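Below you'll find the structure, written out as structure tokens, and then a few comments.
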Amino acid sequence: QEQLVESGGGLVQPGGSLRLSCAAAGFSLDHYNVAWFRQAPGKEPEGVSCISSDGTIDYKDFVKGRFIISRDNVKNTVYLQMNSLRPEDTAVYYCAASEFILRRDGTWYLTPDYWGQGTRVTVSS
């Protein structure tokens, strides 16, 4: 099967850290742009960060300086290191892969070709 599998979510206290992984099975991520999205309870999905096939990185403003996206093509995996977590970061986090990415007006747009099933992150005392 060709799929993306997220892992690394869990319960963490405010100010803590988590590292999410997005592993591809059945295909190679080498030439794909990969993004992280999240959906908080009662909210619409929103983009978080993306990394292009050439390594170019973009972050949404609300995670700049706190989250780090990276990729390891040997392991066929994209990571999201999340630091200084806040309760408002609580959400199900999804990764997605796309052959195409658009950058304009200081932000990015990506239409996924593959979606993962998500991993839940809860930030609470």
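With the cut-off at under 20 Å, measuring from each backbone N in segment 9-26 to a point 7 Å along the Cα-to-Cβ line of Thr122 picks out 9-21. Annotation: Tyr114 carries an accessible surface of approximately 40 Å², with a 1.4 Å probe and no ligand, DNA or RNA atoms counted.
How high is the relative contact order of segment 62-105? Use alpha-carbon pairs under 8 Å, at least six apart in sequence, and give a whole percent.
27 percent
For segment 21-72, which whole-number percentage of the solvent-accessible area (1.4 Å probe, protein heavy atoms only) is attributable to carbon and sulfur atoms? Accessible surface attributable to carbon and sulfur in segment 21-72 totals 49 percent. Derived scalar couplings between HN and Hα for segment 109-125 equal 9, 8, 10, x, 8, 9, 10, x, 8, x, 9, 8, 10, 10, 10, 7, 7 Hz in order, rounded to whole Hz, by the Karplus curve 6.51 cos²θ - 1.76 cosθ + 1.60 (θ = phi - 60°), x for Gly and Pro.
The value of relative contact order for the chain, using C-alpha pairs under 8 Å at least six residues apart, is 35 percent.
So which lysines can Lys75 reach, going by Cα to Cα under 29 Å and dropping same-chain residues fewer than 8 places off? Of all the lysines, those that pass the test against Lys75 - Cα under 29 Å, at least 8 places apart if same chain - are Lys60, Lys64.
For His31, put the label point 7 Å out on the Cα→Cβ axis and report which residues of segment 2-17 keep their amide N under 20 Å from it. Inside the label zone: 2-4. Along segment 54-60 the Karplus relation, 6.51 cos²θ - 1.76 cosθ + 1.60 evaluated at θ = phi - 60°, assigns HN-Hα couplings of 8, x, 5, 10, 9, 10, 6 Hz to successive residues, with x for each Gly and Pro.
Using a Förster radius of 35 Å, what is the FRET efficiency between Val5 and Arg86 based on their Cβ-Cβ separation? Nearest 0.05, please.
0.85
Taking every alpha-carbon pair in the chain and binning the separations at 5 Å intervals from zero gives 2, 12, 23, 25, 20, 12, 5, 1 percent. Each distinct pair of alpha carbons in segment 37-104 adds a 1/r term; the inverse of their mean, the Kirkwood radius, is 13.0 Å.
The values are calculated or read from the model by the stated rules, or taken from the named source; none is laboratory data. What you are looking at is a predicted structure, and each value in this text was computed from that prediction instead of being measured. Quick reminder, even Gly has a Cβ in these numbers, built from the backbone with ideal geometry, and neighbours come from all protein chains shown. Just the protein is used for accessible areas: all its heavy atoms, side chains included, with ligands, DNA and RNA removed. Shrake-Rupley method; radii C 1.70, N 1.55, O 1.52, S 1.80 Å.
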